[in-house]
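Just so it is clear, none of the values below were taken in a lab; they were calculated from the coordinates. Note that this is a predicted model, so its numbers are computed, not measured. Virtual Cβ from ideal backbone geometry, glycine too; neighbours counted across all protein chains shown.
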Amino acid sequence: MPAVVSDFASRLIRWHKRHGRHDLPWQNTRDPYRVWLSEIMLQQTQVATVIPYYLRFLERFPLLADLAAAPVEDVMALWSGLGYYARARNLHAAARGVIEQHAGKFPRDPEMIAQLPGIGRSTANSIATFCFGAHAPILDGNVKRVLCRTFGIGGVPGSGAVEKRLWSLAEELMPKRQGAIYNQAQMDLGAMLCTRSRPRCGDCPLTGPCVARATGRTAGLPEARPRRVIPERKATLLVLRDGKRVLLETRPPSGIWGGLLSLPELPEEADAQEWAARSFGCRVGEASAAPVVVHAFSHFRLHISPIVLDVTPGHAAMEPRWQWLDLDATAAAALPAPVRRILEQVQASGSKPLLSRKR
């Protein structure tokens, strides 16, 4: 292993200079705000998906101070559709933390960066390396896969013992110079060649020393967590439509769709028309059903049955978390992806009848 360790970084750096990614929107900058934003957006999200969100985000919030000064609702609206919404709430909280606790200057030390909301050890090290030249290894999903295959490390990477071993190895492999290029090379290799499925081993600069390739374990490393049955859940959401307006609820800050706008959820066994009339003081017309929408979360799958009700609002005051919003304005609102799909279906139907609902 010592020979492989000494040669590991140089192989990757040489490969990256010729074949790595050099023109992504967040590259070729040492601005910690832009690097940090990309690191958060890229967590569990592919580059192609992130790029348009990243560019729109910077157009609206070009500086960290702009993000910190914005209402969190504006941040959530821009994040809508990108998923894992806690990232957006933490991003906003961290921006305010930099303004309030660090006088607006992004901290340079990896340990201080890691104290900001939503930033773990690997992300903090990545920011410190790219922006401040720190000597700090990273260990994201791509890097874990590269290390597990190259050095034949078994076990599930997320488990405590394997995680500890990987961090120890990452520290040992970290070169004293060109740390930023090396860290980017690891990420690029994992994203471009050493992919989860169908790795391009023939093009890999680590083919020679790779234990997984030599022992025929490329498909089995890194080891996956045991597959578990994904629970199936059901929910009924109401589209209360007053002409061109729809009733939306601001979700609680924590939990599913925290801080986003959503449709009212009908309690189990409740009658949609009676519940809407009682809860919101509406005069309610006929009910019709829109097509079921299925949305996969990380830990369960949700089957959403939308019911559309044409209503006339009463004069009773509603709680601040409820608001009537013009349907034309929902395109720019902070909506979860499945709620946006439901409203798009309703708008597309226009005056055409939706699926009839049996009573």
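Across the chain, the relative contact order, built from alpha-carbon pairs under 8 Å that are at least six residues apart, equals 16 percent.
P(r) for segment 113-228, from all Cα pairs and a bin width of 10 Å, is 14, 44, 33, 8, 0 %, short bins first.
Evaluated at q = 0.08, 0.14, 0.15 Å⁻¹, a Debye calculation over the C-alpha positions of the chain (equal weights, vacuum) places log10 I(q)/I(0) at -0.52, -1.14, -1.23. When both segment 307-346 and segment 73-146 are represented by their alpha-carbon centers, they are found 33 Å apart.
Remark: C-alpha extents of segment 6-115 on the principal axes read 48, 31, 21 Å, sorted largest to smallest. For the chain, lysine pairs separated by 8 or more sequence positions, or belonging to different chains, with Cα-Cα distances below 19 Å total 4. What the Cβ-Cβ distance of Val72 and Glu172 gives, at R0 = 41 Å and to the nearest 0.05, is a FRET efficiency of 0.50.
Length gained on full extension, Phe297 to Glu274: 5.2 nm, using 0.36 nm per residue less the C-alpha separation. Only helical runs count toward this figure. For the chain, summing -39,500 (n - 2.57) over DSSP H runs of n ≥ 4 and dividing by all residues gives -13000 deg cm²/dmol at 222 nm. Evaluating kT/(6 pi eta Rh) at 25 °C and 0.890 mPa s, with the Kirkwood radius of segment 232-356 over Cα pairs in the Stokes-Einstein relation, gives 166 µm² s⁻¹.
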